[in-house]
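For reference, the structure is listed below as structure tokens.
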Amino acid sequence: MADRVTVIGWDGSPLTAAARSALSAATLVAGAAHHLALPEVPPGAERIRLGSVDLAARRIAGHRGTAVVLADGDPGFFGVVRTLRAPEHGLEVEVVPAVSSVAAAFARAGMPWDDARIVVAHQRTLRRAVNVCRAHPKVAVLTSPGAGPAELALLLEGVHRTFVICEELGTDREQVTVLTSDKAADHVWRDPNVVIVIGGAAGAPAGGWLMGQETPAVRGWALPPEVPARGGTGEDRTLRAAQLARLGPRVGDLVWDIGCGGGALAVEAARFGAAVIAVDADPDACARTEAAARRHGVQLQAVRGRAPHVLERLPEPDVVRIGGGGVPVVTACTARRPERIVAHASTRDEAEAVGAALADGGYDVECALLQSVGLDPDDWSERARTVVFLLSGRRIERAP
């Protein structure tokens, strides 16, 4: 095993005395091509081009001598330190930090970043990174080849955002470009780059205490409607609570709320940090949903159209709530293979048809009969009674 492993962050500025000292004693140096070309790298040291960090860690573990790993920015922030410190490698690591590329990007933009979400986009996580950009007003995206500004822009189609694209930070070729997201796909961008994605509702208020988000102003969920419900059973708070519990919307998810009505469920899903597309054929329902989102300080996209046809042009969902449309809508949703689907029905016959459609689409089906009785606490008289079948489907993973 290497006698000592030092990880040096490099942000383009001159190396510190500690970094130069570690490099001068190195018998093995790992890094990208531009790191290995630094004049401070000892000419007699073994050099490893850093592609797979895991493979480099195994080679370092078998090296007899002193190893240095060079990395851009702060190597402890979404960087190589996590892999190098994995138990299977048995390496003791010292870190010489540098300014992270995210901090540098926000500094170039002249913006605070304690209210920003930070995500890593590569080909496997690109869709989830885009969903965070849909759901939050300020996001820094650490990109990778094949998951860069152009790909982000293409997947954000229909959602207006401003991109601040910082290319090759800390180098002589550094460039900062500000443009709208619809223009980003028309350019070729240099790696590495950081994209700051801005837009939509206002961010956390000044003086916040939790990085990347603020706690909701209103405590709890399955909140009472702010305006009289117009959607009938689908607006019932008890049903909404049960639907949200089965959907489990979370950061990085895209939620479809089909038949959004007044937007109560769509807004609550957005309050959990998920991206939401609310669909309704009624333009007034879309307007009410957008107004509710503004009141609660969350972002969502309202799409006017009749399901199932309007669903064909929407991006892939993670979870779906079906507020109306029956079997044809259920069938269209199962074809897109979201992880979970919830729906409700007023009669047993309708519930059986929806349950069969979910099962035929490859979902494990659960059904519950919910009865909610609202009481007046002054005299305990009955205010309202709702009886509804709640159906939920959990995707069955298909064998490869």
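The values are calculated or read from the model by the stated rules, or taken from the named source; none is laboratory data. Keep in mind it's a predicted model, so treat the numbers as computed, not measured. Here the Cβ positions follow ideal geometry from the backbone for every residue, glycine too, while neighbour counts run over all protein chains shown. The area values use the complete protein model at the heavy-atom level, side chains included, leaving out ligands, DNA and RNA. Shrake-Rupley method; radii C 1.70, N 1.55, O 1.52, S 1.80 Å.
List, please: which pairs have Cβ atoms under 9 Å, are six or more places apart or on different chains, and start with a residue in the stretch 178-196 that is over 14 Å from T143 (Cα atoms) and end with one that is open to solvent by 40 Å² or more (accessible area, probe 1.4 Å) and in a strand (DSSP E or B)?
Cβ pairs passing all conditions: V178/T162; L179/T162; T180/T162; S181/T162.
Return only the number of the condition from (1) among the polar types (S, T, N, Q); (2) out of contact with any Leu (no Cβ under 8 Å at 6 or more places or on another chain); (3) open to solvent by less than 10 Å² (accessible area, probe 1.4 Å) that T289 does not satisfy.
(2)
So how many residues does the stretch 235-247 have that are open to solvent by 10 Å² or more (accessible area, probe 1.4 Å) and either over 12 Å from W221 (Cα atoms) or not small (G, A, S) (or both)?
Let us first name the residues in the stretch 235-247 that are open to solvent by 10 Å² or more (accessible area, probe 1.4 Å), namely 235-238, 241-242, 245-246.
If we keep only those that are either over 12 Å from W221 (Cα atoms) or not small (G, A, S) (or both) too, we end up with 235-238, 246.
The qualifying residues number 5.
Between a first residue in the stretch 91-106 that is more than 11 Å from D11 (Cα to Cα) and in contact (Cβ under 8 Å) with a residue 24 or more places away in the chain and a second residue that is among the hydroxyl-bearing types (S, T, Y) and open to solvent by less than 40 Å² (accessible area, probe 1.4 Å), which pairs have beta carbons less than 7 Å apart while being 6 or more apart in sequence or on different chains?
That search, which allows pairs on different chains as well, returns E94/T6; V96/T6.
Hey, among G65, G51, G44, G31, which residue is surrounded by 15 or more Cβ atoms within 10 Å (Cβ to Cβ) and of a type outside the set (V, I, T)?
That would be G31, the only listed residue that is surrounded by 15 or more Cβ atoms within 10 Å (Cβ to Cβ) and of a type outside the set (V, I, T).
Could you list, in sequence order, the residues of the stretch 72-82 that are open to solvent by 10 Å² or more (accessible area, probe 1.4 Å) and not charged (D, E, K, R)? Please lay out each step first, then the result.
Within the stretch 72-82, the subset open to solvent by 10 Å² or more (accessible area, probe 1.4 Å) is 72, 74, 76-82.
Scanning the stretch 72-82 gives G76, F77, F78, G79, V80, V81.
For the stretch 321-331, give me each residue that is within 19 Å of D282 (Cβ to Cβ) and in contact with a helix residue (DSSP H, G or I) (Cβ under 6 Å, 6 or more places away or on another chain).
R321, I322, G323 - these are the residues of the stretch 321-331 that are within 19 Å of D282 (Cβ to Cβ) and in contact with a helix residue (DSSP H, G or I) (Cβ under 6 Å, 6 or more places away or on another chain).
Those residues that are under 14 Å from F163 (Cβ atoms), at pLDDT below 95 and either assigned to a loop (DSSP other than H, G, I, E, B) or of a type in the set (V, I, T) (or both), I need them from the stretch 175-212; list them, please.
A185, D186, H187, G199, G200 - these are the residues of the stretch 175-212 that are under 14 Å from F163 (Cβ atoms), at pLDDT below 95 and either assigned to a loop (DSSP other than H, G, I, E, B) or of a type in the set (V, I, T) (or both).
Yes/no matrix, rows are residues, columns are (1) crowded, with 16+ Cβ neighbours inside 10 Å; (2) modelled with pLDDT of 95 or more; (3) closer than 27 Å to G252 by Cβ; (4) under 28 Å from the mean Cα position of the chain (by Cα):
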site	(1), (2), (3), (4)
V69	yes, yes, no, no
E92	no, no, no, no
P97	yes, no, no, yes
A104	yes, yes, yes, yes
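Does at least one position in the stretch 173-182 carry a residue that is under 20 Å from P315 (Cα atoms) and either touching a Pro at 6+ places or on another chain (Cβ under 8 Å) or open to solvent by less than 20 Å² (accessible area, probe 1.4 Å) (or both)?
Scanning the stretch 173-182 turns up at least one residue that is under 20 Å from P315 (Cα atoms) and either touching a Pro at 6+ places or on another chain (Cβ under 8 Å) or open to solvent by less than 20 Å² (accessible area, probe 1.4 Å) (or both).
Mind checking whether some residue in the stretch 336-343 is open to solvent by less than 10 Å² (accessible area, probe 1.4 Å), within 18 Å of Q243 (Cα to Cα) and not hydrophobic (A, V, I, L, M, F, W, C)?
The answer is yes; a qualifying residue exists.
Is it the case that the stretch 300-320 has a residue that's surrounded by fewer than 24 Cβ atoms within 10 Å (Cβ to Cβ), among the basic types (K, R), within 14 Å of the chain's Cα centre (by Cα) and not in a helix (DSSP H, G or I)?
no
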